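Student: Input: one structure, supplied below.
We did not get these values from a lab; they are worked out from the coordinates using the rules stated. As the structure is a computational prediction, the values presented were derived from the model and not from experiment. Glycine gets a Cβ as well: all are built from the backbone with ideal geometry, and neighbour counts include every protein chain shown.
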Amino acid sequence: MHGSHTALEPRPTHQVIELYPRSPLTPLAAQRDVEVALRWLDAPADVIEAAAALVDELVTHALATAHTGVMVAVARDPDRVEIEVVDFAPRLPLTPPGVPTGQTLPLTARIAGAWGVAVDERTKRVWLTLPTAGR
């Protein structure tokens, strides 16, 4: 494409992605991996703690409602940490009977700087950011 330049949105400088099976051990494994990745990415301690709590909650909810494995992505740039939890059920969840409800999204909204849900033909992605600037 000569003569045509498109400005790209800045992407985080470092990113870690892991795939997890549908298992009762997955939330704890994802939480621990996020903690390790964020320590490696030199994130502030309070951001690591918040990210670990949110990942545990989001992964638990995804496993209970999507009935698939999940992918967790963690990225860091100078101003924020970005986290994505992706499942492979391309629909917004209807919470099945017996699954605890009511905490995941309020907790995310209370702690995260920004968050959202995106659904495409193959996946559902819950994303959030945690600010790190000035810490």
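Student: With charges only on Cβ, +1 for K and R and -1 for D and E, what is the dipole size of region 14-131 about its Cα centre, in debye, rounded to 20?
Tutor: On the way: 10 positive and 15 negative charges, 72 e Å.
The calculation lands at about 340 debye.
Student: Taking only C-alpha pairs under 8 Å that are 6+ residues apart, what is the relative contact order of region 14-131 in percent?
Tutor: 26
Student: Also: What ranking, highest mean first, results for peptides 43-55, 18-30 when packing means the other Cβ atoms within 10 Å averaged over each residue? Provide the component values of the computation, followed by the final result.
Tutor: Working: 43-55: 18.2, 18-30: 14.5.
Highest to lowest by the protection proxy: 43-55, 18-30.
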